[in-house]
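Visitor: Below are the C-alpha coordinates for one structure; questions will follow.
The values are calculated or read from the model by the stated rules, or taken from the named source; none is laboratory data. None of these values were measured; they are calculated from a predicted model. Glycine also receives a Cβ, built like all others from the backbone with ideal geometry; neighbour counts cover every protein chain displayed. Heavy atoms of the whole protein, side chains included, go into the accessibility calculation; ligands, DNA and RNA do not. Shrake-Rupley method; radii C 1.70, N 1.55, O 1.52, S 1.80 Å.
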Amino acid sequence: MLEIVPLKAFKDNYIWTLRDGRCAAVVDPGEADPVIEYLAAERLALVAILLTHHHPDHVGGVPELLRRGPVPVHGPRNEPIATLTHPVAEGDGVAIPELGVDLSVLDIPGHTRAHIAYYGALSGAPSLFCGDTLFACGCGRVFEGTPEQMYASLAKLLALPDRTLVYCGHEYTLANIGFAQSLEPENTALAAREQRDRRLREQGKPTLPSTLADEKATNPFLRCREPAVIESANKYLGARIADPARVFAAIREMKNRF
Ligand code: ZN
Ligand code: FE
(Lines give C-alpha, C1' and ligand atoms only; values in the text may rest on other atoms or scores of the structure.)
(Ligands and ions follow the chains in the order given, each with its own letter.)
Protein backbone atom coordinates (compact mmCIF):
# COMPACT_ATOMS: atom_id res chain seq x y z
CA MET A 1 0.00 0.00 0.00
CA LEU A 2 1.62 3.21 -1.21
CA GLU A 3 1.61 6.26 1.06
CA ILE A 4 2.83 9.79 0.43
CA VAL A 5 4.31 11.46 3.49
CA PRO A 6 5.63 15.02 3.87
CA LEU A 7 8.94 15.35 5.72
CA LYS A 8 9.64 18.86 6.93
CA ALA A 9 12.94 20.50 6.00
CA PHE A 10 14.37 23.93 6.73
CA LYS A 11 11.67 26.44 7.66
CA ASP A 12 8.90 25.57 5.22
CA ASN A 13 10.09 22.96 2.70
CA TYR A 14 8.43 19.58 2.27
CA ILE A 15 10.33 16.50 1.14
CA TRP A 16 7.57 14.32 -0.30
CA THR A 17 8.24 10.67 0.45
CA LEU A 18 6.59 7.84 -1.47
CA ARG A 19 6.69 4.69 0.61
CA ASP A 20 5.25 1.26 1.15
CA GLY A 21 6.11 -1.16 3.97
CA ARG A 22 9.71 -1.59 2.86
CA CYS A 23 10.90 1.00 0.37
CA ALA A 24 10.84 4.75 -0.07
CA ALA A 25 11.58 7.35 -2.73
CA VAL A 26 12.01 11.03 -1.95
CA VAL A 27 11.25 14.13 -3.98
CA ASP A 28 13.54 17.16 -3.55
CA PRO A 29 15.56 16.25 -0.44
CA GLY A 30 17.03 19.66 0.30
CA GLU A 31 18.35 18.22 3.57
CA ALA A 32 19.46 14.67 4.27
CA ASP A 33 18.79 14.47 8.03
CA PRO A 34 14.97 14.40 7.99
CA VAL A 35 15.11 11.64 5.37
CA ILE A 36 17.74 9.60 7.19
CA GLU A 37 15.82 9.85 10.47
CA TYR A 38 12.52 8.87 8.84
CA LEU A 39 14.03 5.91 6.96
CA ALA A 40 15.65 4.64 10.16
CA ALA A 41 12.52 5.07 12.30
CA GLU A 42 10.33 3.31 9.73
CA ARG A 43 12.95 0.75 8.67
CA LEU A 44 12.72 1.70 5.02
CA ALA A 45 15.26 1.36 2.23
CA LEU A 46 15.77 4.35 0.00
CA VAL A 47 15.30 3.28 -3.63
CA ALA A 48 15.17 6.53 -5.65
CA ILE A 49 15.57 10.29 -5.54
CA LEU A 50 13.52 12.61 -7.76
CA LEU A 51 14.47 16.25 -8.25
CA THR A 52 12.35 19.04 -9.78
CA HIS A 53 15.00 21.76 -10.11
CA HIS A 54 18.54 22.66 -9.09
CA HIS A 55 17.97 25.00 -6.11
CA PRO A 56 19.92 24.03 -2.97
CA ASP A 57 16.78 23.77 -0.80
CA HIS A 58 15.66 20.96 -3.16
CA VAL A 59 18.92 19.11 -3.93
CA GLY A 60 21.19 19.89 -0.94
CA GLY A 61 20.70 16.54 0.81
CA VAL A 62 21.47 14.35 -2.19
CA PRO A 63 25.25 13.86 -1.74
CA GLU A 64 24.80 12.75 1.88
CA LEU A 65 21.98 10.36 0.96
CA LEU A 66 24.15 8.85 -1.79
CA ARG A 67 27.03 8.33 0.64
CA ARG A 68 24.79 5.80 2.41
CA GLY A 69 24.35 3.80 -0.79
CA PRO A 70 23.83 4.53 -4.46
CA VAL A 71 20.29 4.99 -5.77
CA PRO A 72 19.04 6.41 -9.07
CA VAL A 73 18.78 10.21 -9.05
CA HIS A 74 16.24 11.51 -11.56
CA GLY A 75 16.15 15.18 -12.40
CA PRO A 76 16.05 17.86 -15.09
CA ARG A 77 18.46 17.14 -17.94
CA ASN A 78 19.12 20.79 -18.62
CA GLU A 79 20.04 22.00 -15.16
CA PRO A 80 23.40 21.89 -13.39
CA ILE A 81 22.95 19.06 -10.88
CA ALA A 82 26.15 17.07 -10.45
CA THR A 83 24.51 14.09 -8.74
CA LEU A 84 22.00 13.17 -11.50
CA THR A 85 22.22 9.61 -12.74
CA HIS A 86 19.01 9.76 -14.81
CA PRO A 87 18.63 13.12 -16.57
CA VAL A 88 15.07 13.49 -17.83
CA ALA A 89 12.83 15.90 -19.72
CA GLU A 90 9.27 15.98 -21.04
CA GLY A 91 8.35 12.76 -22.80
CA ASP A 92 10.47 10.65 -20.45
CA GLY A 93 9.06 8.33 -17.84
CA VAL A 94 10.40 7.62 -14.37
CA ALA A 95 9.83 4.12 -13.07
CA ILE A 96 10.31 3.15 -9.44
CA PRO A 97 9.75 -0.60 -9.77
CA GLU A 98 10.28 -1.30 -6.05
CA LEU A 99 7.18 0.80 -5.32
CA GLY A 100 5.22 -0.08 -8.46
CA VAL A 101 5.29 3.60 -9.39
CA ASP A 102 5.41 5.05 -12.91
CA LEU A 103 5.51 8.79 -13.41
CA SER A 104 5.85 10.94 -16.48
CA VAL A 105 7.91 14.09 -16.75
CA LEU A 106 6.56 17.51 -17.72
CA ASP A 107 8.74 20.49 -18.62
CA ILE A 108 7.56 23.51 -16.65
CA PRO A 109 10.26 26.19 -17.01
CA GLY A 110 10.03 29.64 -15.46
CA HIS A 111 11.12 29.41 -11.81
CA THR A 112 14.31 27.86 -13.20
CA ARG A 113 15.42 27.31 -16.77
CA ALA A 114 14.50 23.61 -16.99
CA HIS A 115 12.25 22.94 -13.97
CA ILE A 116 10.30 19.69 -14.34
CA ALA A 117 7.26 18.10 -12.69
CA TYR A 118 6.44 14.44 -12.12
CA TYR A 119 2.90 13.30 -12.84
CA GLY A 120 1.12 9.97 -12.58
CA ALA A 121 -1.49 7.89 -10.80
CA LEU A 122 -0.52 6.89 -7.26
CA SER A 123 -2.95 4.39 -5.73
CA GLY A 124 -5.34 5.45 -8.47
CA ALA A 125 -5.16 9.19 -7.70
CA PRO A 126 -3.61 11.49 -10.31
CA SER A 127 -0.70 13.11 -8.49
CA LEU A 128 1.61 15.97 -9.36
CA PHE A 129 4.97 16.84 -7.83
CA CYS A 130 5.60 20.36 -9.06
CA GLY A 131 8.43 21.73 -6.90
CA ASP A 132 8.44 25.52 -6.89
CA THR A 133 6.25 26.13 -9.95
CA LEU A 134 2.65 25.74 -8.78
CA PHE A 135 2.12 26.39 -5.06
CA ALA A 136 -1.11 26.09 -3.09
CA CYS A 137 -2.86 29.35 -3.96
CA GLY A 138 0.30 30.75 -5.52
CA CYS A 139 3.27 30.11 -7.77
CA GLY A 140 7.04 30.30 -7.61
CA ARG A 141 9.07 33.38 -8.41
CA VAL A 142 10.25 33.71 -11.97
CA PHE A 143 14.03 33.56 -11.54
CA GLU A 144 15.51 32.09 -14.72
CA GLY A 145 12.68 32.10 -17.24
CA THR A 146 10.23 34.72 -18.46
CA PRO A 147 6.73 35.40 -17.15
CA GLU A 148 5.36 34.12 -20.48
CA GLN A 149 7.19 30.83 -19.95
CA MET A 150 5.94 30.52 -16.38
CA TYR A 151 2.39 31.27 -17.47
CA ALA A 152 2.61 28.60 -20.19
CA SER A 153 3.94 26.12 -17.62
CA LEU A 154 1.05 26.81 -15.25
CA ALA A 155 -1.40 26.53 -18.17
CA LYS A 156 0.06 23.09 -18.92
CA LEU A 157 -0.59 21.97 -15.33
CA LEU A 158 -4.08 23.45 -15.45
CA ALA A 159 -4.96 20.98 -18.22
CA LEU A 160 -4.53 18.02 -15.84
CA PRO A 161 -7.65 16.49 -14.25
CA ASP A 162 -9.45 18.53 -11.56
CA ARG A 163 -8.96 15.81 -8.96
CA THR A 164 -5.17 15.85 -9.40
CA LEU A 165 -3.42 16.04 -6.02
CA VAL A 166 -0.88 18.85 -5.97
CA TYR A 167 2.28 18.15 -3.96
CA CYS A 168 4.38 21.29 -4.04
CA GLY A 169 7.71 22.15 -2.44
CA HIS A 170 6.80 24.67 0.27
CA GLU A 171 4.20 25.47 2.93
CA TYR A 172 3.41 28.98 1.73
CA THR A 173 -0.35 28.58 1.60
CA LEU A 174 -1.61 31.07 4.21
CA ALA A 175 0.62 33.88 2.95
CA ASN A 176 -0.46 33.07 -0.60
CA ILE A 177 -4.12 33.18 0.40
CA GLY A 178 -3.58 36.61 1.94
CA PHE A 179 -2.25 37.92 -1.35
CA ALA A 180 -5.02 36.19 -3.34
CA GLN A 181 -7.65 37.84 -1.14
CA SER A 182 -6.14 41.24 -1.85
CA LEU A 183 -6.80 40.58 -5.56
CA GLU A 184 -10.18 38.86 -5.23
CA PRO A 185 -11.83 39.98 -1.99
CA GLU A 186 -15.22 38.66 -3.12
CA ASN A 187 -14.11 35.12 -3.95
CA THR A 188 -16.12 32.90 -1.57
CA ALA A 189 -14.12 29.75 -2.40
CA LEU A 190 -11.03 31.66 -1.32
CA ALA A 191 -12.65 32.70 1.97
CA ALA A 192 -13.62 29.07 2.64
CA ARG A 193 -10.12 27.94 1.84
CA GLU A 194 -8.65 30.51 4.21
CA GLN A 195 -10.78 29.13 7.07
CA ARG A 196 -9.95 25.52 6.31
CA ASP A 197 -6.21 26.02 5.80
CA ARG A 198 -5.85 28.31 8.83
CA ARG A 199 -7.38 25.57 10.98
CA LEU A 200 -4.98 22.98 9.52
CA ARG A 201 -1.99 25.19 10.33
CA GLU A 202 -3.27 25.81 13.86
CA GLN A 203 -3.30 22.04 14.29
CA GLY A 204 0.25 21.86 12.95
CA LYS A 205 -0.88 20.01 9.82
CA PRO A 206 0.25 20.65 6.24
CA THR A 207 -2.24 22.34 3.92
CA LEU A 208 -1.02 19.97 1.21
CA PRO A 209 -1.69 18.22 -1.02
CA SER A 210 -4.27 20.51 -2.54
CA THR A 211 -6.27 19.61 -5.63
CA LEU A 212 -6.24 21.22 -9.02
CA ALA A 213 -9.95 21.94 -8.55
CA ASP A 214 -9.07 24.00 -5.43
CA GLU A 215 -6.36 25.81 -7.33
CA LYS A 216 -8.68 26.64 -10.23
CA ALA A 217 -11.18 28.13 -7.80
CA THR A 218 -8.75 30.13 -5.68
CA ASN A 219 -5.24 30.50 -7.14
CA PRO A 220 -4.99 33.93 -8.80
CA PHE A 221 -2.08 32.83 -11.01
CA LEU A 222 -4.44 30.30 -12.63
CA ARG A 223 -7.25 32.86 -12.79
CA CYS A 224 -5.73 35.49 -15.08
CA ARG A 225 -8.97 35.61 -17.14
CA GLU A 226 -11.15 36.45 -14.13
CA PRO A 227 -12.51 40.00 -14.23
CA ALA A 228 -11.52 40.72 -10.60
CA VAL A 229 -7.93 39.55 -11.18
CA ILE A 230 -7.69 41.54 -14.44
CA GLU A 231 -9.02 44.61 -12.67
CA SER A 232 -6.47 44.32 -9.84
CA ALA A 233 -3.67 43.99 -12.41
CA ASN A 234 -4.93 47.03 -14.30
CA LYS A 235 -5.13 49.11 -11.16
CA TYR A 236 -1.54 48.21 -10.33
CA LEU A 237 -0.28 48.95 -13.84
CA GLY A 238 -2.41 52.02 -14.35
CA ALA A 239 -3.25 50.56 -17.75
CA ARG A 240 -5.92 48.50 -19.47
CA ILE A 241 -4.73 45.03 -20.37
CA ALA A 242 -6.57 41.72 -20.57
CA ASP A 243 -4.08 39.34 -22.16
CA PRO A 244 -3.75 36.58 -19.53
CA ALA A 245 0.03 36.26 -19.85
CA ARG A 246 0.39 40.00 -19.22
CA VAL A 247 -2.06 39.85 -16.32
CA PHE A 248 0.07 37.02 -14.95
CA ALA A 249 3.26 39.08 -15.27
CA ALA A 250 1.60 41.99 -13.45
CA ILE A 251 0.27 39.97 -10.52
CA ARG A 252 3.57 38.07 -10.18
CA GLU A 253 5.27 41.45 -9.78
CA MET A 254 2.61 42.55 -7.29
CA LYS A 255 3.24 39.41 -5.25
CA ASN A 256 7.00 40.09 -5.18
CA ARG A 257 6.22 43.41 -3.48
CA PHE A 258 3.32 42.25 -1.32
ZN1 ZN B 1 13.32 26.83 -6.00
FE1 FE C 1 12.31 25.97 -3.00
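Visitor: Output the pairs from K8/K156; K8/K255; K8/K216; K235/K255 with a Cα-Cα distance over 20 Å in this structure; if there are none, say none.
Guide: K8/K156; K8/K255; K8/K216
Visitor: Could you order peptides 145-154, 69-78 by the average number of other Cβ atoms within 10 Å of their residues, highest first?
Guide: Peptide ranking by packing, descending: 145-154, 69-78.
Visitor: Using only DSSP helix segments of four residues or longer, with each worth -39500 (n - 2.57), what per-residue ellipticity at 222 nm results for the chain after dividing by its residue count and rounding to 500?
Guide: That calculation yields -10000 deg cm²/dmol at 222 nm.
Visitor: Semi-axes of the equivalent ellipsoid for the range 176-255, please: Cα gyration tensor eigenvalues, times 5, square-rooted, ordered largest first, whole Å.
Guide: Three semi-axes, in Å: 26, 11, 10.
Visitor: Express the Stokes-Einstein translational diffusion coefficient of the range 1-52 in µm² s⁻¹, to the nearest whole number, given a Kirkwood radius over alpha-carbon pairs, 10 °C and a viscosity of 1.306 mPa s.
Guide: So the translational diffusion coefficient is about 147 µm²/s.
Visitor: Positive end of the charge dipole of the chain (Lys, Arg +1 and Asp, Glu -1 on Cβ, about the Cα centre): tell me which of S182, G91, C168 has its Cα farthest that way.
Guide: S182
Visitor: What number do you get for the range 50-110 when its Cα radius of gyration is normalised by 2.2 N^0.38 Å, N = residues?
Guide: 1.12
Visitor: Where nothing but the Cβ of Lys and Arg (+1) and of Asp and Glu (-1) is charged, how large is the charge dipole of the range 1-111 around its Cα centre, in debye to the nearest 20?
Guide: 280
Visitor: Still on this structure, please answer the following. How many percent of the accessible area of the chain is carbon or sulfur, using a 1.4 Å probe?
Guide: Roughly 51 percent, rounded to a whole number.
Visitor: Right, something else. Across 10 Å bins from 0, what is the distribution of all Cα-Cα pair distances for the chain, in whole percents?
Guide: 7, 31, 36, 19, 6, 1
Visitor: Which of P6, G120, V142 sits closest to the plus end of the dipole of the range 3-257, meaning its Cα is farthest towards the positive end, when Lys and Arg get +1 and Asp and Glu get -1 on the C-beta?
Guide: It is V142.
Visitor: Under a 1.4 Å probe, what is the accessible area of the range 3-257 per residue, stated in Å²?
Guide: Here the per-residue accessible area is 43 Å².
Visitor: Compare the Cα positions of P244, P206, L103 along the charge dipole of the chain (+1 at Cβ of Lys, Arg; -1 at Cβ of Asp, Glu; about the Cα centre) and return the one farthest towards the positive end.
Guide: Ranked along the dipole, the leading option is P244.
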